[in-house]
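What follows is calculated from the coordinates using simple rules that are stated; it is not laboratory data. All figures in this text were calculated on a predicted structure; none of them were measured in a lab.
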Amino acid sequence: MVLRRLFQGPQSPSDDADATDGASAPASGPGAGTPAGPAADTETIRRIAAQLDALPMDQRRFIGGFAYVLGRAAQADLDVSPEEVSFMERTLIDVGDLTEAQAVLVVQIARSQAELQGATEDYLVTREFAASASAEDREKLLRLAFSVGAVDGSINAEESAGINEIGKELGFTPGEVDTIRMDFADQLSVIQEMRRLQAG
């Protein structure tokens, strides 16, 4: 799994082989060393990944877990908008002290893993993050999960349910999640609809 290899080190020989297969062979032949098009893009990604690999392991684990859970929140309604992606990238620049290029790559990896692995990894990654994060960081992540859903001005039922599960796996009680949710009351679709009916 790419996310685990990049942020937690190889989990098994096969994981490491999958992550490097076809990506570590040096270029050869005419034009080697002057990649263009897709080859240039690949070299850029390798360079950014190498920068991330050079970060301390604790920081990589924190960033990887943080990004995955944000991607999970965005994916809850099966529709990740460009605005949500931009929000996640800005958040990782701030929280993870990453460059813009690094944040873009991390978000793309986390999104891909959340989409491909889904429930298989959701519980494991979220609980692993919760086990090593401080209470302050867990609360920050839960609030930012709500913020991802609110980017378009409305947190719908699917997003709210997904964030409920995230909150539970981060170690919060239903009451604690609800307390944080009420800070986003104006963006909750159910409350917005109720207000429309009352005004109607």
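Figures for the structure shown
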{"read-out": "Sequence-distant residues sharing a close amide H with I155 (under 5 Å, placed H)", "value": "L188, S189"}
{"read-out": "In sequence order, calculated HN-Hα J values of the range 119-136 (Karplus, 6.51, -1.76, 1.60; Hz; x Gly/Pro)", "value": "4, 4, 9, 3, 5, 4, 5, 5, 5, 4, 4, 4, 5, 10, 8, 6, 4, 5"}
